[in-house]
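For reference, the structure discussed in these notes is given below.
The values are calculated or read from the model by the stated rules, or taken from the named source; none is laboratory data. Everything numeric in this text was worked out from a predicted model, so none of it was measured. Cβ: placed from backbone, ideal geometry, glycine included. Neighbour counts: every protein chain shown. With ligands, DNA and RNA removed, areas are computed over all heavy atoms of the protein, side chains included. Shrake-Rupley method; radii C 1.70, N 1.55, O 1.52, S 1.80 Å.
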Amino acid sequence: MPIGMIPAGTGNGMVKSLLHAAGELCSASNAILTVIRGYKRSLDVATISQGKTRFFSVLMLAWGLIADIDIESEKYRWMGSARIDFYAVQRVFCLRHYNGRISFVPAPGFEDCGEPTSYHGESTSEESQTQELSLKTEHHEYLGSDVKLENMCWRTISGPFVSIWLHNVPWGGEDIMAAPNAKFSDGYLELIMLKDVPKLALLSLMSNMNDGSYIKSPHITYLKVKAFMLEPGARVDDPTKEGIIDSDGEVIARGNVTYTGDQKPLMSYNKLQITVDQGLATLFTPK
């Protein structure tokens, strides 16, 4: 079933990505015309999993700086979209570093990033059998990719990290081109990693996010991945405080942090993995 989207939020990254690809301005009227025209395109869908818990993502996953800005700036929502820029400056001058580790299956051409490692998650073969039995006996819903992760070539990078950002489409917001090389249905996610950076250089880097040129910074590592695993840790400066894992603007995991929300997170602040289903969703597109 094709999905049509009308921009009515703070970021509107998905609608911006669709309209920008067709050379159109991001507006409600253009989005409505897109649905009326009825053209369609495929979209990759990421499955974020932790044990039996699943969260399906179409836009992004963030941990560290980007997640902190996105979620903790909610207290300034009365400022509108300016809350993001306002809180970003605060976070830059009080920069946090997080311990942790990431593992990933790189796309062709990115095999030199990180160090070789073996898959250290749950057995996907056993999991897929459990899912198949569950589908037959209980319900008929999609439970995520059954790709055999243990058979893939994994790489790993250890922290500390300033930010880990995974993106499915080019734009993270109407004025943030997060992943300029992203495609809607290539079967990969863009990984944007920031390990360490001087504060003034970070301010300069963030000022270049409106056109995607920030990825040329020597402080940014940018690559495509087919599968991903995040093992989040505590803050370097204060091990009693942890972080936030944010997907599509929702808090899916929250450690011991100052931010407190009304809703209980879907997952624990622990290891989680992400796989990508190529072209699983269908969107209305301008052309």
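So what J values fall out for the stretch 266-283 if you push phi through Karplus, 6.51 cos²θ - 1.76 cosθ + 1.60 with θ = phi - 60°, rounded to Hz, Gly and Pro as x?
Per residue, the Karplus-derived 3J(HN,Hα) values read 6, 10, 8, 6, 8, 4, 9, 10, 10, 10, 10, 9, 5, x, 6, 9, 10, 10 Hz.
Go through Ile32, Ile245 and list them by solvent-accessible area, largest first, probe radius 1.4 Å.
The most accessible residue leads, giving Ile32, Ile245.
Can you give me the solvent accessible area of Tyr39 with a 1.4 Å probe, rounded to the nearest 10 Å²?
Surface accessible to solvent at Tyr39 totals approximately 120 Å².
Quick check for me: using +1 on Lys/Arg Cβ and -1 on Asp/Glu Cβ, what's the dipole size of the chain about its Cα centre, in debye to the nearest 20?
The calculated dipole for the chain is roughly 440 debye.
Find how much the distance from Ile36 to Ala22 grows on full extension, using 0.36 nm per residue of separation minus their present alpha carbon separation; answer in nm with one decimal.
Going from the current span to full extension adds 3.5 nm.
Find out how many positive minus negative residues lie around Glu242, taking Lys and Arg as positive, Asp and Glu as negative, among other residues whose Cβ is under 14 Å from that of Glu242.
Here the count lands on -1.
Excluding ligands and nucleic acids, what accessible area in Å² is computed for Arg54 using a 1.4 Å probe, to the nearest 10?
50
Under 9 Å from the Cβ of Pro180, count the other residues' Cβ atoms, weight Lys and Arg +1, Asp and Glu -1, and hand me the total.
Residues close to Pro180 contribute a combined charge of -2.
Which shape class, rounded, prolate or oblate, goes with the stretch 140-235 when its Cα gyration tensor gives a ≥ b ≥ c as root eigenvalues, a/c under 1.5 marks rounded, and past that a/b bigger than b/c marks prolate?
It comes out oblate by the Cα gyration axes.
Non-local amide H neighbours of Glu250 (under 5 Å, H modeled in plane, Pro and chain starts lacking H): which ones?
Answer set, sorted by chain and number: none.
Measure off, as a whole percent, the carbon and sulfur share of the 1.4 Å-probe accessible area of the chain, all protein chains present.
Within the chain, the accessible surface is 53 percent carbon and sulfur.
Got a sec to turn the phi values of the stretch 42-59 into Karplus ³J(HN,Hα) couplings, 6.51 cos²θ - 1.76 cosθ + 1.60 with θ = phi - 60°, whole Hz, x for Gly and Pro?
Once θ is set to phi - 60°, the couplings for the stretch 42-59 become 7, 9, 5, 10, 9, 9, 9, 10, 8, x, 8, 7, 10, 9, 9, 10, 10, 10 Hz.
Using semi-axes √(5λ) of the Cα gyration tensor in Å as the read-out, say which of (i) 32, 26, 17; (ii) 41, 25, 15; (iii) 27, 26, 19 was calculated from these coordinates.
(iii)
Using θ = phi - 60° and the Karplus curve 6.51 cos²θ - 1.76 cosθ + 1.60, what whole-Hz ³J(HN,Hα) does each residue of the stretch 155-172 get, with Gly and Pro shown as x?
Calculated HN-Hα couplings, in order: 10, 9, 9, 9, x, x, 10, 8, 7, 10, 9, 10, 10, 9, 10, x, 9, x Hz.
Just the accessible area per residue of the chain, please: how many Å² with a 1.4 Å probe?
48
Run the numbers for Thr260 and Lys199: contour at 0.36 nm per residue of separation, minus the present Cα-Cα distance, in nm.
Full-extension gain reported as 19.3 nm.
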